[in-house]
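Bear in mind these aren't lab numbers, they're just calculated from the coordinates by the rules spelled out. From a predicted model like this one, the values you see are computed outputs, not experimental measurements. Cβ placement follows ideal geometry from the backbone for every residue including glycine, while neighbour counts extend to all protein chains displayed.
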Amino acid sequence: MLNPTPVEITSLTFSNRTNATLYVPNGCKAAYETADYWEEFKEIIESNTVNVGSTGFSTYCSPNALDFSGISGINAYVASDFDSGTYTLTLTQVTEVPAGEGLYIVGTAGSYEIPETTTDAVYSNLLKGVTRAATISPTDGSNTNFILANGSHGVAFYSLSEAGELAGGKAYLQLPTASVSDVKALKIVFDDDATGININPILSQGKGAIYNIAGQRVSKTKKGLYINDGKKVFIK
């Protein structure tokens with residue numbers, strides 16, 4: 001796989017570049033279009049490769065409409081709702097994804113090539129995607145921005161102390177400032193059965209009952225995946 005940043009080459013590195021197509025990582029086309037000798041390729045196309053690290057979580061955004069339905073090993077979600085009373089972010093699985101949609105990815109570490117599609121799907125989504133590297137400010141009008149990072153609460157969405165650059169092909173979370181003024185970490189609820197954990201029917205019994213993924217009822221939760229009222233809840 002090519003580097004996100006073009007390495008230095010000479011006119012002899014690729015002798016047929018003016019008649020060749022160059023595939024580059026998502027979000028990096030602009031960098032290659034302005035790099036010496038790389039810009040001479042006949043066509044530069046961004047691949048639709050989703051990379052998931054060892055944490056199993058990532059964000060993603062493609063300039064192309066994509067179809068995740070036939071991909072095993074990962075699931076794509078939009079942030080469909082936020083409950084300011086419980087600081088709970090609801091994630092909804094999607095398969096057909098419009099171009100430019102911000103996504104939360106859950107899956108096994110690895111690289112996945114996602115096929116393109118044509119779709120009329122429209123989602124209510126609190127994730128904002130960027131197809132090119134962009135500077136993200138702590139706030140945007142009446143909203144606060146959060147970046148997915150591995151910090152003091154593990155892999156979670158964290159607010160920014162200052163403006164920073166987000167790589168192309170990624171997404172950030174935007175929530176109303178009035179709803180998150182005191183938030184330290186968000187509780188994430190997956191509103192479907194697509195996390196790869198099967199819910200035993202008994203785990204859906206009992207109002208307010210909470211179970212760990214081993215099926216043991218617990219009174220308190222820490223970080224991790226739980227079953228609460230029959231729904232999967234991931235606590236950061």
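Diffusion coefficient (Stokes-Einstein, Kirkwood radius over C-alpha pairs, 37 °C, 0.692 mPa s) for segment 1-108: 204 µm²/s, rounded to a whole number. Over segment 1-47, the alpha carbon radius of gyration divided by the compact-protein estimate 2.2 N^0.38 Å works out to 1.01.
One chain, two ends: residue 69 and residue 120. Fully extended at 0.36 nm per residue, the span grows by 16.8 nm beyond their Cα-Cα distance. Extending 7 Å from the Cα toward the beta-carbon at both residue 23 and residue 88 defines two label points whose distance is 4.2 nm. A cut-off of 5 Å between modelled amide H atoms, ignoring neighbours fewer than 5 places along the same chain, links residue 117 with 65, 66, 67. The distance from the alpha carbon centre of segment 99-141 to that of segment 1-23 is 27 Å, rounded to a whole number.
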